[in-house]
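A quick write-up on the structure given underneath.
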Amino acid sequence: MDRIFADFLPPLLRTLASALPPLLAGLLLLHFLLFREWKKTARYALFALYLAVLWCVTGLPDVRSANFAPNVNLIPFVGMAQAPLETALNVLLFVPLGLMLPLLWKRFRDGRLAVLYGFTLSLAVEAAQLFSGNTDIDDLLTNTLGTFLGYLIACALLLRYPVLAKTDGTVWERGVLVVLVFLVMFFCAPLLRLLF
C-alpha cells in the first residue's frame with residue numbers, strides 16, 4: 001500500500017499543482033461573469049477541484065499523452081474479487097460526486113438523475129481511458145455504486161440540516177464548470193507541467 005502511494009502521489013501532486021493556477025483563474029473569471037456569489041463560487045471551486053482530482057486519479061489523457069491503445073474488459077465482476085482494494089477505491093472515488101450533486105443542484109435531489117449523472121460521467125471516463133489505459137466495466141459498476149452511496153449520504157445530510165437545501169445552481173453553471181475542468185486538465189495543465 002505504501003508503495004502504491006509512493007508511486008502515485010508525486011505525479012498526482014505535480015499535475016494538480018500545474019492545474020490549480022489556470023483552474024483558479026477560470027473560477028475567478030466565472031465568478032464575475034456568471035456566479036456572482038462568493039459562497040456559490042467556493043462551492044463550485046470544491047466541485048471543480050474534485051473533478052480535477054478525478055481526472056488525475058483515473059489517469060485520463062491530456063493533449064500530450066493521448067494515444068489510442070484500447071485495453072478493454074467487458075466481462076463484469078471478473079477483476080473485483082482479484083483486486084478488492086481497487087474495487088473499494090473505485091467505489092470511494094465517486095462517493096463525493098453523489099454527495100455534491102444534490103447539495104449543489106436541486107435537480108439532483110432525484111436519486112435517479114444523480115445516479116444517471118454518475119453513470120454517465122463514469123462512462124465518459126472509461127471511454128476516455130481508451131486513449132490512456134484500461135477500460136473496465138467493473139469500474140463503471142463500482143463508480144455508479146459510489147455515486148449512489150454518496151447520494152444516500154447527501155439525503156441524510158439534507159434531512160439533518162435543512163439549510164443545505166437552500167443551495168441551487170443552473171444547468172449552465174454545471175456545464176461551464178465541466179468544460180473549464182476539461183480545458184484546464186486536457187490543455188493547460190500538461191503544458192504548465194513542462195515548466196515545473
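The values are calculated or read from the model by the stated rules, or taken from the named source; none is laboratory data. Everything numeric here is computed off the predicted structure, so don't read it as measured data. Note: ideal-geometry Cβ built from the backbone for every residue, glycine included; neighbour counts use all protein chains shown.
Hey, could you check the range 50-77 for residues that are in a loop (DSSP other than H, G, I, E, B) and of a type in the set (Phe, Trp, Tyr) and say which is surrounded by the most Cβ atoms within 10 Å (Cβ to Cβ)? Write out each step before concluding.
Our first condition is that a residue be in a loop (DSSP other than H, G, I, E, B); within the range 50-77, this holds for 59-70, 74-77.
Now restrict to residues that are of a type in the set (Phe, Trp, Tyr): 68, 77.
Working: Phe68: 8, Phe77: 10.
Looking at the filtered set, the residue picked out is Phe77.
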Query raised in the report: What are the residues in the range 139-164 that are over 17 Å from the mean Cα position of the chain (by Cα) and assigned to a helix (DSSP H, G or I), if any?
Result: Leu152, Ile153, Cys155, Ala156, Leu157, Leu158, Leu159, Arg160, Pro162, Val163, Leu164
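Do you know which residues across the range 22-49 are outside any helix (DSSP H, G or I) and in contact with a helix residue (DSSP H, G or I) (Cβ under 9 Å, 6 or more places away or on another chain)? Lay out the reasoning, then the answer.
Start the filter on the range 22-49 by keeping residues that are outside any helix (DSSP H, G or I), which leaves 36-37.
Result: Glu37, single match.
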Report summary line: For the range 40-57 the number of residues that are over 11 Å from Met185 (Cβ atoms) and in contact (Cβ under 8 Å) with a residue 24 or more places away in the chain is 8
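Could you go through the range 26-37 and let me know if any residue there is of a type in the set (Gly, Ala, Ser), over 30 Å from Ala88 (Cα atoms) and at pLDDT 90 or above. Steps first, please.
To start, the set of residues in the range 26-37 that are of a type in the set (Gly, Ala, Ser) comprises 26.
Now restrict to residues that are over 30 Å from Ala88 (Cα atoms): 26.
Still in the running and at pLDDT 90 or above: 26.
Among the residues of the range 26-37, at least one is of a type in the set (Gly, Ala, Ser), over 30 Å from Ala88 (Cα atoms) and at pLDDT 90 or above, which makes the answer yes.
Just for the range 78-87: of the residues that are assigned to a helix (DSSP H, G or I) and free of Cβ contacts under 8 Å to residues at least 24 places away in the same chain, which one is surrounded by the most Cβ atoms within 10 Å (Cβ to Cβ)?
Keep residues of the range 78-87 that are assigned to a helix (DSSP H, G or I), which gives 84-87.
Applying the additional criterion that residues be free of Cβ contacts under 8 Å to residues at least 24 places away in the same chain yields 84, 86.
Details: Pro84: 10, Glu86: 16.
Among them, the one singled out is Glu86.
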Query raised in the report: Does Leu97 qualify as being closer than 20 Å to Ala156 by Cβ, assigned to a helix (DSSP H, G or I), of a type in the set (A, V, I, L, M, F, W, C) and out of contact with any Pro (no Cβ under 7 Å at 6 or more places or on another chain)?
Result: yes
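Out of everything in the range 165-196 that is in a helix (DSSP H, G or I), more than 28 Å from Leu13 (Cα to Cα) and not aliphatic (A, V, I, L, M), what residue ends up being modelled with the lowest pLDDT? Reasoning before the result, please.
Filtering the range 165-196 down to residues in a helix (DSSP H, G or I) leaves 165-166, 171-193.
Checking which are more than 28 Å from Leu13 (Cα to Cα) leaves us with 165-166, 171-172.
Going one step further and asking which of them are not aliphatic (A, V, I, L, M), we end up with 166, 172.
On the way: Lys166: 89, Trp172: 93.
So, considering only residues that are in a helix (DSSP H, G or I), more than 28 Å from Leu13 (Cα to Cα) and not aliphatic (A, V, I, L, M), the one modelled with the lowest pLDDT is Lys166.
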Report task. Please find, within the range 106-126, the residue that is surrounded by the most Cβ atoms within 10 Å (Cβ to Cβ) out of those that are aliphatic (A, V, I, L, M) and more than 16 Å from Ile75 (Cα to Cα). Result -> Ala114
